[in-house]
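To keep things clear, I will list the structure first and then write my remarks on it.
What follows draws every value from the coordinates through simple rules; no lab data is involved. In this text the structure is predicted, and so the values were computed from the model without any measurement. Note: ideal-geometry Cβ built from the backbone for every residue, glycine included; neighbour counts use all protein chains shown.
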Amino acid sequence: MTPDAKQRTWRVTTSALLLLHAALAWADDTDGQDAAFRLHGYATANYFAFDWDTDPERRNAIDLERLTLYPSWSLDDGIELEAEIEFEHGGTGATMEFDRFEEFGEFETEVEKGGEVVLEQLHLRYAPSDWATLKIGRFKLPVGLAATHDEPSEYFTTTRSQAEAAVIPVNWYENGLQVELQRGTLARVSAAVVNGLDSSGFSSARWVASGYQTRFEQVNADALALCLAVHLHPRSDLTVSGSLYRGDSAANRPKLDLEHDAIVTIKELHAELSTGPVTARAMYLSGDLSNSDQVTRANRNLSNNLNVKRTPVGAEARAIVGEVGLHLSGIVPSPSHPLDLFLRHESYDSMQAVEGLVIDVPRWDRTSWTTGINWRALARTTLKAEYSRRELGIKERNRETTISTGFGVEF
């Protein structure tokens, strides 16, 4: 990052914080009256100790993962402006990370920028009644477990799902229009028309996850996508949800260098059961990409300046997640600081199937087991520790063991 770019980033970040500070001061001056401005958010930070057969030289690391702010303004009866601002990885592009494993399918080192300030959401929300809501702007797509379990007290692990992040964007935000209908607490249905993905960002390791358009100031919207979601709450202790995403990713590439369609279809189903001291969650996600061999060929010719992987892309991807948590407050009489013990299993393959001349890379067929504890040290603070063991679909040097600790604070 050039000195001028750093100065511009610093000015933008400082201005945003000053505006938030002024708005909070104004809201505080209302002395309990209905304030037009509200703010809540969360923060997470983690430490990782790596013992990877796949990368023996991998360094232990500390990650100031994110500070997320949710400001909202009430503009009129039933109309709100909602936003989400994230400060990720403690920086604005001044840090670097190394990727040793995915560069044309070989073991080369690639340097990527890390750390940023992101305006994740900005939309108008109109609720003309208790059962209908309309959003226009940039909002979160309701695909996967992470979409509804994104704050630190809502997921057991130190970081969000490895399986989801290896297949789809986590979390996933797009621009468009969403209509949501709700019948009490029993059912909620939503339909959204949004801009499609950009297939120049697709890769072997993360399938379509990096097709989420973030590289340019504007988002290409020559191809649109449809996202449908259903959330059912048949019992007080059970939630069942499903979603469908479908859209072309060829027309939104930086250059019109792909003559074929590249239709992304994602189907996802997840459920959560919370009864007594036990919480159980499960998710199944599958996706397919049409003409993935043509996408692979086009990506090989992309410029290095785009900072994309240019690796083979799978025609199909799959992710399966299952976890169970045991809340000790239901077993140990009235603990002052309750503990959650958990066990999670994830199986995911970002190259579940290939087509044409694309060669399947077994490395990206991954299975992991994670166990750990969550300690609610304070009412809004969660301390976490976990042990994770992941195996890759290769015969030798295929195990990755990670011990991590961290905290999450919600406010």
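With a Förster radius of 35 Å applied to the C-beta separation of D51 and A353, the computed FRET efficiency comes to 0.65. Between R300 and R246, the simple label model (points 7 Å from Cα in the Cβ direction) yields a spacing of 3.1 nm. Ordering of 285-293, 191-199 by packing is 191-199, 285-293, highest average first (other Cβ atoms within 10 Å, averaged per residue).
So which of K140/K255; K135/K309; K255/K395 end up more than 32 Å apart, counting from Cα to Cα? It would help to have the intermediate numbers written out before the result.
On the way: K140/K255 26 Å; K135/K309 34 Å; K255/K395 39 Å.
Those over the limit are K135/K309; K255/K395.
The loop-placed GluC sites (Glu not before Pro) in region 55-89, going by DSSP, that have at most 14 neighbouring Cβ atoms within 10 Å of their Cβ come out as E57.
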